Protein chains: 2
Amino acid sequence: MPPKPGRAALQERYDRRQAEVVLGAARVFARRGYDQTSVPQLAEELGIAAGGLYHYFGGKEQLLIAICDQLMDPLLTEAQALLAEGGTAEEQLRALVRSWVAHVVEHRDHMLVFQQERHVIDHGRQWAQVRERRKRFERLVEGLLRRIADDGAARLPDARLTLSALLGMVNHTAQWYRPRGRLDVAAIADGYVDLVVG
Amino acid sequence: MPPKPGRAALQERYDRRQAEVVLGAARVFARRGYDQTSVPQLAEELGIAAGGLYHYFGGKEQLLIAICDQLMDPLLTEAQALLAEGGTAEEQLRALVRSWVAHVVEHRDHMLVFQQERHVIDHGRQWAQVRERRKRFERLVEGLLRRIADDGAARLPDARLTLSALLGMVNHTAQWYRPRGRLDVAAIADGYVDLVVG
DNA sequence: TCGAAGTTCGAACGATCGTTCAACGACCGT
DNA sequence: ACGGTCGTTGAACGATCGTTCGAACTTCGA
C-alpha cells in the first residue's frame, strides 16, 4: 500500500500523512478509548473515509502500535543521547526526568492510550518491540538510580522501589497535567527528582 | 431481577453470588481488557451461561461500575476510619498509605480495570458516584499532606505536586507487584512515605 | 499534456457484539 | 409435599463491528 520504493518525494508525503493520522488517532483514542472508537467513527473525526485508513495501516491494531512507537521512539532516543553527554549521576537524572516529563506532557494523548491498553501491549505477539523499548528505557532509569545509590549521596531506601515510584509518578502526570496549569514542566520534573534524591 | 424484598436469606445468597461474579469479572477484565472480552467469553470463564449474567446486572457497563464500587467503597471507608483515630499527620499518613497499598495489592485486578477504563469513568453520566468517591479519597490524602507541610517538619516542594506523585506511585503498584516478591506490602508503603516526607 | 501511480471514497461483506426471552430444574416457604 | 419464586439455560435478535474492493479522483514523472 505504500508507494513503490525509490520515489523519495512520494514516500515523504506518505510518511507525513501517516504520522498525521497517528497523531489524530491518539487524540481520539485518548478521549473515547481504543475499543470504544469504531473505525467509521475514527475516520469521521479524522476527516477521511473509513476505508481510506487501510491505505496507511493493515488494521486497527497496527494503528495502535504506531501510536506507541510514536511515543517511545523519540523518548528512548533522547534518553540515550542525554546519558552519553556525561555528568554526575544526579545531574543526568535531573536532565532525564525533565526530558521525560516534557515528553509525557507533549504526548499526553499517546501516554493515555499507552496506559489504557497495557493489557494488549503485555500479551500480543506483535507487541514485543514496544515492550522491549519500554523495558530498555526503564533499565536506563534504573541504572541511573543505582549509580546514585552507590555514590551514597542520597538515602534511597531501595533502588528498585524508587524506580517503580518514579515510573508511577512521571507517567501519572499525563492524567492530571493541563497546559495552563500552575506548574510548568521543569517545576514538575524537579519536584519529582527532589522527592527521589532528597 | 433480584429477589423480592423481605426475604433476607435469598437476598444474602443473591448478594454473595453477585459479588462473586464481580470478583471473577475483575480478574478476566484485568487480563483480557473490558472491551476485548465479550459477554459470552466472560460467561464461559465464570462458568455460567451468557444470559445468566443479566440476572445480576442490567448490562455489561453496570458490571464495570460494580467492579469500581467493590474497589472504592472499602478503601474510602477504611481511610475515613483511620483519620478518625487521631495521631500526628505523619503517623496518619503512614497508616493510610499502608492500608492503601494493601488495598491496591489485594484488589490488583480491580485497580488494573479501574485505570484501564479511565476514559469511561471520566465521561459517563452514571459514573458520577465512582468519580466522587475517587475525588473524596484524594482530598483525604491531600488534607493530610497539607497538614504535614504546614507543620513544617518535612520539606515538601508542593503539596499538590506531592499528592499527584503519591497517587501515581501507589496506584502504579498494581502494575508490578507480585505476591511472592522481594518486598512486602509494609516495606513498599513505608518506602513511598519515606520518599514523600523525607 | 498524457499515461501511470498514488490516494480517497463509500457501498457491501461476514462475523461478532450485547441483549432478550421463553422455558426448565432447583429450592424456598408453608 | 406442593405451589411459587429463583437461578440458569441457550437459541435467537438486530445492530454494529473491522475489513475488503472496485471505481473515481488527484498528483507525479516525462
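The values are calculated or read from the model by the stated rules, or taken from the named source; none is laboratory data. Note that the structure is predicted; figures quoted are calculated from it, not measured. Ideal geometry is used to build each Cβ from the backbone, glycine not excepted, and the neighbour counts take in all protein chains shown. Remember, those area values only see protein heavy atoms, side chains included, never the ligands or the DNA or RNA. Shrake-Rupley method; radii C 1.70, N 1.55, O 1.52, S 1.80 Å.
Here are a few things to note about the model shown:
- Checked against the criterion of being within 12 Å of the chain's Cα centre (by Cα) and within 16 Å of DNA strand D (Cβ to nearest atom), the candidates A:VAL105, A:VAL130, A:VAL113, A:VAL101 yield just one match: A:VAL113.
- Residue in the stretch A:28-47 that is under 27 Å from A:VAL101 (Cα atoms), within 14 Å of chain B (Cβ to nearest Cβ), part of a loop (DSSP other than H, G, I, E, B) and hydroxyl-bearing (Ser, Thr, Tyr) present: yes
- Residues that are of a type in the set (Asp, Glu) and farther than 13 Å from A:GLU117 by Cα were ranked within the stretch A:27-52; the one that is farthest from DNA strand C (Cβ to nearest atom) is A:GLU45.
- Look at the stretch A:49-75: where a residue is farther than 21 Å from B:GLN36 by Cα and a partner is more than 8 Å from DNA strand D (Cβ to nearest atom) and open to solvent by 30 Å² or more (accessible area, probe 1.4 Å), sitting 6+ places away or on another chain with Cβ atoms under 6 Å, you get A:HIS55/A:MET1; A:TYR56/A:GLN18; A:LEU71/A:HIS107; A:MET72/A:ARG133.
- Residue within the stretch B:72-79 that is among the acidic types (Asp, Glu), under 30 Å from B:GLY152 (Cα atoms), away from DNA strand C (no atom under 12 Å from the Cβ) and modelled with pLDDT of 95 or more present: yes
- Residue in the stretch A:89-107 that is among the charged types (D, E, K, R) and under 23 Å from A:VAL28 (Cβ atoms) present: yes
- Some residue of the stretch B:115-136 being of a type in the set (Phe, Trp, Tyr), in a helix (DSSP H, G or I) and under 22 Å from A:THR162 (Cβ atoms): no
- Answer from A:ILE121, A:ILE148 - the residue that is open to solvent by less than 20 Å² (accessible area, probe 1.4 Å) and more than 19 Å from the chain's Cα centre (by Cα): A:ILE148
- Within the stretch A:176-198, the set of residues being within 7 Å of chain B (Cβ to nearest Cβ) and either in a helix (DSSP H, G or I) or open to solvent by less than 10 Å² (accessible area, probe 1.4 Å) (or both) comprises A:ILE188, A:GLY191, A:TYR192, A:ASP194, A:LEU195, A:VAL196.
- A:PRO2 fulfils the conditions (1) part of a helix (DSSP H, G or I); (2) open to solvent by less than 80 Å² (accessible area, probe 1.4 Å); (3) not small (Gly, Ala, Ser) except for a single criterion, (1).
- Test for B:VAL120: is it at the interface with chain A (Cβ under 10 Å from one of its Cβ atoms) and under 16 Å from B:LEU75 (Cβ atoms): no
- Which listed residue is hydrophobic (A, V, I, L, M, F, W, C) and closer than 26 Å to A:ARG146 by Cα, from A:VAL120, A:VAL28, A:VAL101: A:VAL101
- Scope the stretch A:58-95; condition open to solvent by 50 Å² or more (accessible area, probe 1.4 Å), among the acidic types (Asp, Glu) and out of contact with any His (no Cβ under 8 Å at 6 or more places or on another chain); matching residues: A:GLU61, A:ASP73, A:GLU85, A:GLU90, A:GLU91
- Only one of the numbered conditions (1) farther than 23 Å from A:ILE188 by Cα; (2) assigned to a helix (DSSP H, G or I); (3) within 8 Å of chain A (Cβ to nearest Cβ) is violated by B:HIS172, and that is (1).
- Verdict on B:ASP109 being away from chain A (no Cβ under 14 Å), away from DNA strand C (no atom under 16 Å from the Cβ) and touching a residue at least 60 places away in the same chain (Cβ under 8 Å): no
- Test set (1) surrounded by 17 or more Cβ atoms within 10 Å (Cβ to Cβ); (2) within 12 Å of another protein chain (Cβ to nearest Cβ) - A:GLU138 fails condition number: (1)
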